[in-house]
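*Asks:* Before I ask anything, here is the structure I am working with.
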Amino acid sequence: MSNARVETKLWVWQRLSAAVLAVCVIIHLVVIVYAVQDGLSAAEIISRVSGNFLWLAFYSVFVIAIAVHAPIGIRTILKEMTSVGPGATHMIMATFSLIILAMGFRAVIGLFNASIIG
Amino acid sequence: MKIAGHRNHAHYWAFILHRASGLLLAIFLPAHFYVLGLAIEGEAAMDGFIRWTDAPLVKGAEVILVILLAAHLTGGLRLMALEFISTSESSKTAVAVGAGISLAVGLAFLFNVV
């Protein structure tokens, strides 16, 4: 695939994921401000999301969109502002995406299955 | 200090803020997921960390993170509006509106958290 085609595809994925993230981040910010009102605790977080399929779906979409969006952004910064080569920037992008997917889903599934003790 | 012409511009600073906020949020993400993943080890492990975040310095960092997230959101919406809707100079207003919304979200968080 030519460089121009790769750049165009990454640009499109960056914008598509940004559109999804715009909705997710607005919901996330509202939840953050609401959740901290009475002080944040593990019990509060777990009772809100544990066993709730709607939050599971929401946070799954959120993590996937981040795993697409953030690594492309990191690659753009590396490409435009550093002397890191194209092969390395792609490798960093792919590795960062996998880290976000793995850690993100570990947290999402962990919270979905978590239970409050006592 | 004299600032070069092309840098003395709202759009330039919006661009820098968008890049910097994106980079800082990306660096923060793995730590955020790690803490949320503590739920696997149980409520106590997660609560132990949450108590640590009660320290004023950490609270301050949290407020900055919330502002950065809101700034990256509004900066991104501005960027997409520029690319898909208009290239007019009126987007300077969008920079100001975005900054205002970001600070308002940060303040809403701050007042609820303290």
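*Asks:* Where the centre of each part is set by its Cα atoms, how far does the range B:51-68 sit from the range A:1-40, in angstrom?
*Replies:* 22 Å
*Asks:* So how strong a dipole does the range B:5-113 carry about its Cα centre when Lys and Arg Cβ are +1 and Asp and Glu Cβ are -1, to the nearest 20 debye?
*Replies:* That gives a dipole near 460 debye.
*Asks:* Let me ask something additional. Assuming 0.36 nm per residue, please report the length gained on full extension of the stretch A:S115 to A:A88 beyond their Cα-Cα distance.
*Replies:* Length gained, A:S115 through A:A88: 5.5 nm.
*Asks:* Here's something else I'd like to know. Rank B:L25, B:L36, B:L65 by mean-square fluctuation in a GNM of chain B with C-alpha springs under 10 angstrom and give only the top-ranked residue.
*Replies:* Highest fluctuation of the listed residues: B:L36.
*Asks:* Compare B:A96, B:A70, B:A44 in a GNM of chain B, Cα atoms joined below 10 Å, and give the one with the largest fluctuation.
*Replies:* B:A44
*Asks:* Then there is this: For peptide B:25-35, how many partner chain Cβ atoms fall within 10 Å of a residue's Cβ, on average?
*Replies:* 5
*Asks:* At R0 = 25 Å, how high is the FRET efficiency between A:M81 and A:A19 if r is their beta carbon distance? Nearest 0.05 is fine.
*Replies:* For A:M81 and A:A19, the calculated efficiency is 0.50.
*Asks:* Once the piece of chain linking B:F49 and B:F15 is laid out straight, how much longer is it, given 0.36 nm per residue of separation minus the C-alpha distance between them?
*Replies:* 8.8 nm
Read the figures in this text as sums done on the coordinates, not as results from a lab. None of these values were measured; they are calculated from a predicted model. Methodologically, a virtual Cβ is constructed for each residue, glycine included, from the backbone with ideal geometry; neighbour enumeration extends over all protein chains shown.
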